[in-house]
Amino acid sequence: ASISGRSSKLILVPILAVLFVTIGYQYICPAGSNSYLEDDSPPKLPSKFNFTERDLDRHVEFNMKGDDVIVFLHIQKTGGTTFGRHLVRNIRLEQPCECKPGQKKCTCHRPGKEESWLFSRFSTGWSCGLHADWTELTNCVPVIMDKKEAQRNKRNFYYITMLRDPVSRYLSEWKHVQRGATWKTALHMCDGRSPTQDELPTCYSGDDWSGVTLTEFMNCPSNLANNRQVRMLADLSLVGCYNLSSMNESQRNHILLSSAMSNLKNMAFYGLTEFQRKTQYLFERTFSLRFISAFTQINSTRAANVDLSEPVRRRIEELNFLDVQLYEYAKDLFLQRFQFTRQREHQEVRLKRREERRWLREQREQGRPWPLKHRGVGNREGRGGGGVNKGTDGDLPATTEDYTSQVARW
């Protein structure tokens, strides 16, 4: 009998241990948490840039029912088309954008108003010109919005954009141009005018540059694909717009890169094509909005399928040396913002759980019954408790690792 009793105890101990670990795991990782985000630990390498807490904390009080407007600066071949469709079709809204079959643009009005809260290709169209850059948008958007809507109150414009690895983006643009794309209707407005033919010569004769080889694409000195991301994010009026004779090349490049970095850092939000799930996470926390379906990472792009020799890769990096520096800066800041936001969110969750434990302890000491919402382990209604404005998930579906089955392919 004593042997039988000892055996049952030996069996019971591991069972209790498993139950303890299971309950502890559920407490630490409750349902609805963002377990799909894998990088919670500090970066292995220190940052090259001295970012302040203000640089990292990008939460904005976006008032969709008021006068705030999100302006999407769409740089070619950065995944902007996919992201732009997320904005009009995939955000959980009180009044969703109205997208009709066969129409490229959607109507994105504020709740109860005939006013747009989104300025983008798929909402307002190319109102400031095809793929308008920072120089064009900052001068054009306020004027266009005032023309479309009678507005007395001052609007808050929140600029957002997407960036991509410069080599991949360059190759993607080459393949796009090779198939016949031109963007020749782009205005490139700066200081009130478009560039002259002498200031911005075309790289091809005829209607398009279809069939262009990569060597031909790289050999055109006026190719706008070169350092496109820096040029489209910089204030071009600082360097005389497209007039290359206004200053020496070294000075011009330094001003352009510094301006692009500053404008990017001060934007409300930017994402990176290579980090789709982190892009979704940071956008949601920045604007206190939630996407319905999770973003997906598609790595099998046309650019990824190009077989590059090392000399050709180095040549592309040299042609895009400003973009290479901008992307290094942008990636560092992006990942630091992600880490900062995640750590702050974890701290808020830990604080809330500490307060809940303290409250439960007081209830036990006073002999009061526990309300239903405080029974059980942890708070299963949301990761951090509270509403969307607190940067929590609330009762919205969490983004999961199994994202490919949730995304509509546009």
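The values are calculated or read from the model by the stated rules, or taken from the named source; none is laboratory data. Given the structure is predicted, the values throughout are model-derived calculations rather than measurements. Glycine also receives a Cβ, built like all others from the backbone with ideal geometry; neighbour counts cover every protein chain displayed. Please note that ligands, DNA and RNA were not included when accessible areas were found on the heavy atoms of the full protein model with its side chains. Shrake-Rupley method; radii C 1.70, N 1.55, O 1.52, S 1.80 Å.
Within the stretch 53-68, identify whether any single residue is within 14 Å of Ala268 (Cβ to Cβ), more than 14 Å from the chain's Cα centre (by Cα) and buried (at least 21 other Cβ atoms within 10 Å of the Cβ), and answer yes or no. Within the stretch 53-68, one or more residues are within 14 Å of Ala268 (Cβ to Cβ), more than 14 Å from the chain's Cα centre (by Cα) and buried (at least 21 other Cβ atoms within 10 Å of the Cβ).
Would you mind telling me which numbered condition in (1) within 11 Å of the chain's Cα centre (by Cα); (2) open to solvent by less than 20 Å² (accessible area, probe 1.4 Å); (3) within 17 Å of Thr78 (Cα to Cα) Leu264 fails? Failing condition for Leu264: (1).
If you scan the stretch 143-167, which residues turn out to be without any contact (Cβ under 8 Å) to a residue 60 or more places away in the chain and either within 16 Å of Lys265 (Cα to Cα) or open to solvent by less than 40 Å² (accessible area, probe 1.4 Å) (or both)? So that I can check it myself, show each step before the final result.
Step one: of the stretch 143-167, the residues without any contact (Cβ under 8 Å) to a residue 60 or more places away in the chain are 143-144, 146-150, 152.
Once the filter is applied, which keeps residues that are without any contact (Cβ under 8 Å) to a residue 60 or more places away in the chain and either within 16 Å of Lys265 (Cα to Cα) or open to solvent by less than 40 Å² (accessible area, probe 1.4 Å) (or both), the stretch 143-167 yields Ile144, Glu149.
Is it true that some residue in the stretch 173-193 is touching a residue at least 60 places away in the same chain (Cβ under 8 Å) and open to solvent by less than 30 Å² (accessible area, probe 1.4 Å)? Yes, the stretch 173-193 has at least one match.
For the stretch 204-227, enumerate the residues that are in contact with a Lys or Arg (Cβ under 7 Å, 6 or more places away or on another chain) and surrounded by 15 or more Cβ atoms within 10 Å (Cβ to Cβ).
Taking the stretch 204-227 first, the residues in contact with a Lys or Arg (Cβ under 7 Å, 6 or more places away or on another chain) are 210, 218.
Answer for the stretch 204-227, where residues must be in contact with a Lys or Arg (Cβ under 7 Å, 6 or more places away or on another chain) and surrounded by 15 or more Cβ atoms within 10 Å (Cβ to Cβ): just Met218.
For Gly102, state whether it is at positive phi and either open to solvent by 70 Å² or more (accessible area, probe 1.4 Å) or without any contact (Cβ under 8 Å) to a residue 12 or more places away in the chain (or both). Answer is yes for this residue.
Table: residues versus (1) hydrophobic (A, V, I, L, M, F, W, C); (2) more than 23 Å from Met261 (Cα to Cα).
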| residue | (1), (2) |
| --- | --- |
| Asp133 | no, no |
| Met145 | yes, yes |
| Arg155 | no, yes |
| Tyr159 | no, no |
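When Arg169 is tested against (1) more than 21 Å from Arg228 (Cα to Cα); (2) at pLDDT 95 or above; (3) part of a helix (DSSP H, G or I), only condition (1) is not met.
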